[in-house]
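The values are calculated or read from the model by the stated rules, or taken from the named source; none is laboratory data. All figures in this text were calculated on a predicted structure; none of them were measured in a lab. Backbone-built Cβ (ideal geometry, glycine too); neighbour counts: all protein chains shown.
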Amino acid sequence: MLAQSIFNGLVMGGVYALIAVGLTIIFGVMKVINFAQGECLMLGMYAAWALHRATGLSPYILIVPVMTVMFLIGQFIFSLVINPIVGRPPTDFVVVTMGLAFVLVSVIQLIFSPTYQTVVTTAKNITIRLGSVSLGTPRVIACGVMIAAVLAVRLFLKKTDVGRAMRATAENLEVAQMLGVNTRRNFALAFALGVTMAGLSGLLLTPIYYVFPNVGMPFKTISMVIVVLGGLGSIGGAVLGGLIAGVVEAVLGAYISPDLAPAGIFLILILVLAFRPEGMFGKGARKA
Amino acid sequence: MAAILELKDLCKSFGGVHAVNHVSFKIEKGEILGLIGPNGSGKSTCVNLISGVYKADGGDVLFEGKSVIRTSIAGRSRMGIGRTFQSPKPFTGLTVFDSVYTIAMQTRSYKEASKISGEILEQMGLSQYEKMRCEKLPIEKRKWLDMARVLVTRPRVLLLDEVMAGLNPNEIDESVALVRRVNKSGITVLFIEHVMKAVIKLCSRLVVLNDGRLLTSGDPDTVMNDPKVIAAYLGRGYHHAEND
Ligand SMILES: Nc1ncnc2c1ncn2[C@@H]1O[C@H](COP(=O)(O)OP(=O)(O)OP(=O)(O)O)[C@@H](O)[C@H]1O
Ligand SMILES: [Mg+2]
């Protein structure tokens, strides 16, 4: 029973991790929090659902098209509402992205109505057994895709020219600007990449969750907690934080009450911050 | 000769401190102009105002006759204003080679960028450190990494903020030769330095700041023997400060 809960938690944690990785990439480069990250996940769910409805294909086959759509949406949102406020105080960013979240929910509600939608996959009916533990295939796939996506992002940041320029921008914006790095482009890329990660998490959730306009809400809160827990801007921290959050939620849910799960995650956050105010993998506040 | 850079009545205060107080001077195209003065006299603040890190409270900065006071940091860099930092600011997560290459890459093809990065690192004596992560690079080498990074941006004017602090006499001689080589390649230099030996060897003209004000300017001999300058240095002394 405990093993089963831990596995369930790790798998769900994988999805949390992916949303949080998206959030932490945006924060790492731009030093701002995207308060519409949960709604980007929702957009990913709708993109997967709509394409699935139109083509009849399994959402897993639609990963590349949905990621492409989400990347383009991310670029579009950036140039429309984010680019104009680059360099303004972080509070502007909070207000704008919160507003964006409302707009996205309303637009989706107008187009698709608030009805709950479902995506049916054959994978849903298959369970994978590991000794006494049984796991739903969609969850295992979600976890696998998360690992692949995170590794791909890391590889991109470490090994490509654009990735290195993004890291330079993330580390010291002023110096990067002084040396002629195209920091706007790197901001746009980081934002779109973060949105894409949220969208991919959304797609991975479609076989497990109902698709509806407000589905992103709980994910938004939990992914912010995870990012702070892991250390702002740290990808490894976001992954570990996501897995911890998933396990805590599953174990508390199974043994005590699902209602206590969020409280448990916040308790861990408080404990971690008490000992490491910069989060598990945080580098700490930069000296002025 | 025409001025490539001109400071006009430039002002900047921090709280009650007038770090730069109505300062005006010109940098002529092709020269090495020395900017000296005791600790806290406003030299680094001038560099920060010219490169756009600080917003001036008043006055103007002209680059090739055009005001750049409203131009962004990035814009000034694109125009050809390059600088190093008194306390170096490496990209700690990247390797020495990658941090130069990433900058070179912004305006060049992959091939050209690799080539020029290798060459410049060699000139700076950093070839053996190419694969090292910048955070491990010895402190005294970091200024040269700053220099390598800014040189690949092809600056027209280079603001060097105390690149020789902490070097031994041999290294100072090498550095003097290097700065001269950079200048000969067509880059105008604003040279801030407490190492007077280097200043006298390199600079055709000096500008002296004291307490944020322009004290005097002129050829090195006259300036160094000026009683006002001697008094300013005796009054305040100088040491190699490693802060901004
Ligand atoms: N960011 C800042 N905030 C507050 N005060 C500052 C700041 N930058 C500079 N100052 C103050 O402005 C004055 C001029 O400093 P600046 O760094 O320009 O001097 P400097 O001539 O470069 O000195 P040093 O030779 O020690 O490098 C000093 O009194 C300094 O304390
Ligand atoms: Mg200084």
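Quick rundown of the values:
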read-out: Residue in the stretch B:37-48 that is of a type outside the set (Gly, Ala, Ser) and either more than 12 Å from ligand 1 (Cβ to nearest atom) or in contact with a Cys (Cβ under 8 Å, 6 or more places away or on another chain) (or both) present; value: no
read-out: Residues satisfying the stated conditions in the stretch A:160-178, i.e. within 10 Å of chain B (Cβ to nearest Cβ) and under 23 Å from A:MET67 (Cα atoms); value: A:ASP161, A:VAL162, A:GLY163, A:ARG164, A:ALA165, A:MET166, A:ARG167
read-out: Residue in the stretch B:18-33 that is under 19 Å from B:VAL189 (Cβ atoms) and within 13 Å of ligand 1 (Cβ to nearest atom) present; value: yes
read-out: The one condition in (1) within 15 Å of ligand 1 (Cβ to nearest atom); (2) surrounded by fewer than 19 Cβ atoms within 10 Å (Cβ to Cβ) that B:ARG83 fails to fulfil; value: (2)
read-out: Residue count, the stretch B:53-92 (criterion: closer than 17 Å to B:LYS12 by Cα and of a type in the set (D, E, K, R)); value: 4
read-out: Matching option when the condition is part of a helix (DSSP H, G or I) and touching a Cys at 6+ places or on another chain (Cβ under 6 Å), among A:GLY38, A:GLY14; value: A:GLY14
read-out: Failed item in (1) part of a loop (DSSP other than H, G, I, E, B); (2) within 14 Å of chain A (Cβ to nearest Cβ); (3) closer than 15 Å to B:LEU151 by Cα, with B:GLY125 passing the rest; value: (2)
read-out: Condition check for B:ALA148: within 30 Å of B:ILE27 (Cβ to Cβ) and within 16 Å of ligand 2 (Cβ to nearest atom); value: no
read-out: Tally of residues being loosely packed, with under 15 Cβ neighbours inside 10 Å and aliphatic (A, V, I, L, M) across the stretch A:56-97; value: 7
read-out: Flag for B:GLY237 being farther than 30 Å from B:GLU122 by Cα and modelled with pLDDT under 85; value: yes
read-out: Among residues of the stretch B:119-145, those that are on the phi < 0 side of the Ramachandran plot and among the small types (Gly, Ala, Ser), counted; value: 1
read-out: Elements of type helices (runs of 4 or more DSSP H) in the stretch A:179-265, at least 3 residues being of a type outside the set (Val, Ile, Thr) and within 14 Å of chain B (Cβ to nearest Cβ); value: A:183-205
read-out: Filter pass, B:ALA148 being in contact (Cβ under 8 Å) with a residue 24 or more places away in the chain, small (Gly, Ala, Ser) and outside any loop (DSSP other than H, G, I, E, B); value: yes
read-out: Tally of residues being more than 16 Å from ligand 2 (Cβ to nearest atom), over 23 Å from B:THR153 (Cβ atoms) and assigned to a helix (DSSP H, G or I) across the stretch B:177-213; value: 3
read-out: Residue satisfying condition, being more than 14 Å from every other protein chain (Cβ to nearest Cβ) and in contact with a His (Cβ under 9 Å, 6 or more places away or on another chain), within set A:THR121, A:THR127, A:THR91; value: A:THR121
read-out: From B:GLY34, B:GLY59, B:GLY52, B:GLY42, residue being of a type outside the set (D, E, K, R), touching a His at 6+ places or on another chain (Cβ under 9 Å) and within 18 Å of B:THR84 (Cα to Cα); value: B:GLY42
read-out: Residue match in the stretch B:102-112 (condition: more than 20 Å from B:VAL152 (Cα to Cα) and of a type in the set (Asp, Glu)); value: no
read-out: Flag for A:ALA165 being over 23 Å from B:THR92 (Cβ atoms) and small (Gly, Ala, Ser); value: no
read-out: A:ALA148 vs. criteria assigned to a helix (DSSP H, G or I), under 30 Å from B:LEU49 (Cβ atoms), more than 10 Å from chain B (Cβ to nearest Cβ) and not acidic (Asp, Glu); value: no
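Conditions tested, residue by residue: (1) closer than 23 Å to B:LEU5 by Cβ; (2) buried (at least 18 other Cβ atoms within 10 Å of the Cβ); (3) hydrophobic (A, V, I, L, M, F, W, C).
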| site | (1), (2), (3) |
| --- | --- |
| B:MET164 | yes, yes, yes |
| B:GLU171 | no, no, no |
| B:SER175 | yes, yes, no |
| B:GLY186 | yes, no, no |
| B:LEU190 | yes, yes, yes |
| B:LYS197 | no, no, no |
